[in-house]
Amino acid sequence: MPYAWDDPTSATLRTLSDDSSVVVPLGFSFPFYGTNYSDVYVGSNGLLSFGAGVTAYSNVGIPSPAAPNSFAAGWWDDLNPGVGGSVRTQTLGTAPERRFVASWVDVPIYGVGGTAITFQMVLEEATGAISTRYL
């Protein structure tokens, strides 16, 4: 698949602080390890989680008795959109070719002054694929 970038400028802004998440409807059913989900939790620390909010900022072995589990990580780090950058989501396309795009734009890495990250995570309706794009 060739590299692509979906412009997040008109996507919905999600208000996230340090170590937080928000549930967002996908607009379609998405399969993840045998379960279909109609929404996803978008985490401030670069994660998309299925079935439960996720706020973990340090990498741990998975699966784990404690959260997080059932997630995909685009850039799992201690990110802090509460002090800069933005997290935006949008569902693009038409059935059965829709895609959910979550964008972390210029989000600072906690404790690393002047360092921010921009990336997107994409969930594809037609294939069930998850991809990450770095800008």
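The candidates 15, 89, 94, 132, arranged from most to least accessible area with a 1.4 Å probe in the full protein assembly, appear as 15, 94, 132, 89.
Using the Cα centre as the reference, give the magnitude of the dipole from point charges on the C-beta atoms of the chain (Lys, Arg: +1; Asp, Glu: -1; all else neutral), rounded to the nearest 20 debye. If you can, show how the numbers build up before the last one.
On the way: 5 positive and 11 negative charges, 25 e Å.
The calculated dipole for the chain is roughly 120 debye.
I need the GluC sites (Glu not before Pro) found in the stretch 81-135, filtered to DSSP loop residues with at most 12 other beta carbons within 10 Å of theirs.
Numbers: sites: 97, 124, 125; in loops: 97, 125.
Those that pass, being in a loop and sparsely packed, are 97.
Each label was represented as a point 7 Å from its Cα along the Cα-to-Cβ direction; for residue 133 and residue 10 these points are 1.5 nm apart.
Calculated translational diffusion coefficient of the chain (20 °C, 1.002 mPa s; Stokes-Einstein with Kirkwood radius over alpha-carbon pairs) equals 144 µm²/s. Around residue 78, what is the net charge, scoring Lys/Arg as +1 and Asp/Glu as -1 over all other residues with Cβ under 15 Å from its Cβ? It works out to a net charge of -3.
Given a 10 angstrom Cα cut-off, can you work out which residue in 65, 96, 108 is the most mobile in a GNM of the chain? Evaluated over the chain, the most mobile residue of the options is 65. Surface exposure of the chain, expressed per residue as accessible area with a 1.4 Å probe, stands at 50 Å².
The values are calculated or read from the model by the stated rules, or taken from the named source; none is laboratory data. None of the values given here were measured: they were computed from a predicted structure. Positions of Cβ are generated from backbone atoms using ideal geometry, with glycine treated the same way; all protein chains shown enter the neighbour counts. We work out accessible area using only protein heavy atoms, side chains counted, and drop any ligands, DNA or RNA first. Shrake-Rupley method; radii C 1.70, N 1.55, O 1.52, S 1.80 Å.
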